[in-house]
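Undergrad: Supplied in structure tokens, the structure appears directly below.
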Amino acid sequence: MKKLVFVFTGMFFLCLVIAPAMAAPTRVTFAGNLVGNANGGGLFLFTSDGTGGLPTEMHTFCMEKNDHISYGGTYWAIDVSNYAWNGGGGVKETTTIGGNIVEADPLDLKSVWLFDQYEVLKNFNGAYNGLNYTNADWANAVQAAIWFNEDESTSIGGLAGDLLADAGNAVAAGYNGNEEIKVLNLSLYSDGRGAVQDQIAYLPKAVPAPGAILLSGIGSIIVGLLRRRNIVE
């Protein structure tokens, strides 16, 4: 038994050594506009090389209205968080983004619901309240609703206003979010300097790191050995 404990302890610390640290800043490219064009917003496509725990393709909406990105531009994704670095006029909170202590705007639950319904659940399409809307209408409305909800704009109406009201009702009824909808914090430099337009995105949990997989496998082997020992004894 002591031998097994010794082996397990040694291999556990080995796993700690070889397991990767928290994902480093990752290069992403603004590949273009997918649907809609709400005053510079709409549904965007970002791509990455798949490192840092990010998907190779990400569909996003803008979190900030007055910050800018360029078509074909390459940026650093310095963090994935629940905050917009250069958020609107709402109450800010002190948090850490990409290793920098900043005052940032927390992602509102109504914005999460809007993104969840549009991009993840695909519930926003076709007719609404007896009126027919195009895919671009829906994308523009979601973008406008997110901007207004995040204090990035001062007026809202039409479909966007209706969707934001629905979001408020959903939150009041108990909607508690989607842990895989996050803010992709972007900057011009890997150290966080030159923050640009943050994006709300669906970022599914990455495949477990190699070290974690190895540790899980070792655990299974140890359990098997212990059971075999008990049977023999």
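The values are calculated or read from the model by the stated rules, or taken from the named source; none is laboratory data. This is a predicted model, so every value here is computed, not measured. Counting neighbours? That spans all protein chains shown, and the Cβs are built from the backbone with ideal geometry, glycine included.
Undergrad: Just give me the residues in segment 119-137 being modelled with pLDDT of 95 or more and in contact with a strand residue (DSSP E or B) (Cβ under 8 Å, 6 or more places away or on another chain), in sequence order.
TA: GLU119, VAL120, TYR133
Undergrad: Additional query: Just checking, does segment 160-183 include any residue being of a type in the set (Val, Ile, Thr) and part of a strand (DSSP E or B)?
TA: The answer is yes; a qualifying residue exists.
Undergrad: State whether the residues of segment 133-146 include one that is outside any helix (DSSP H, G or I) and surrounded by fewer than 24 Cβ atoms within 10 Å (Cβ to Cβ).
TA: Yes, segment 133-146 has at least one match.
Undergrad: Follow-up question, since we're still on this one. Which residue, of GLY50, GLY40, GLY87, is modelled with pLDDT under 95 and on the phi < 0 side of the Ramachandran plot? Full working, then the answer.
TA: Details: GLY50 fails: on the phi < 0 side of the Ramachandran plot; GLY40 fails: on the phi < 0 side of the Ramachandran plot.
Answer to the selection: GLY87.
Undergrad: Taking into account only those residues within segment 160-195 that are out of contact with any strand residue (DSSP E or B) (no Cβ under 6 Å at 6 or more places or on another chain), among the polar types (S, T, N, Q) and in contact (Cβ under 8 Å) with a residue 12 or more places away in the chain, which is surrounded by the fewest Cβ atoms within 10 Å (Cβ to Cβ)?
TA: Out of the qualifying residues, it is ASN176.
Undergrad: Something else now. Would you confirm whether or not segment 67-85 contains a residue that is in contact with a Leu (Cβ under 6 Å, 6 or more places away or on another chain) and aromatic (Phe, Trp, Tyr)?
TA: Yes: segment 67-85 contains one or more residues that are in contact with a Leu (Cβ under 6 Å, 6 or more places away or on another chain) and aromatic (Phe, Trp, Tyr).
Undergrad: Can you name the residue in segment 110-122 that is aliphatic (A, V, I, L, M) and over 13 Å from the mean Cα position of the chain (by Cα) and is also surrounded by the fewest Cβ atoms within 10 Å (Cβ to Cβ) among such residues?
TA: This residue is LEU121.
Undergrad: If you don't mind, another one. I need the full set of residues from segment 88-101 which are touching a residue at least 24 places away in the same chain (Cβ under 8 Å) and either more than 16 Å from the chain's Cα centre (by Cα) or surrounded by fewer than 17 Cβ atoms within 10 Å (Cβ to Cβ) (or both), in order please.
TA: Once the filter is applied, which keeps residues that are touching a residue at least 24 places away in the same chain (Cβ under 8 Å) and either more than 16 Å from the chain's Cα centre (by Cα) or surrounded by fewer than 17 Cβ atoms within 10 Å (Cβ to Cβ) (or both), segment 88-101 yields GLY88, GLY89, GLY90, GLY99, ASN100.
Undergrad: How many of the residues making up segment 23-37 are under 18 Å from the mean Cα position of the chain (by Cα) and either of a type in the set (D, E, K, R) or at pLDDT below 90 (or both)?
TA: 3
Conditions tested, residue by residue: (1) of a type outside the set (A, V, I, L, M); (2) within 17 Å of GLY192 (Cα to Cα); (3) without any contact (Cβ under 8 Å) to a residue 60 or more places away in the chain; (4) assigned to a loop (DSSP other than H, G, I, E, B).
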| site | (1), (2), (3), (4) |
| --- | --- |
| GLY40 | yes, no, yes, yes |
| LEU54 | no, no, no, yes |
| TRP76 | yes, yes, no, no |
| ASP116 | yes, no, no, no |
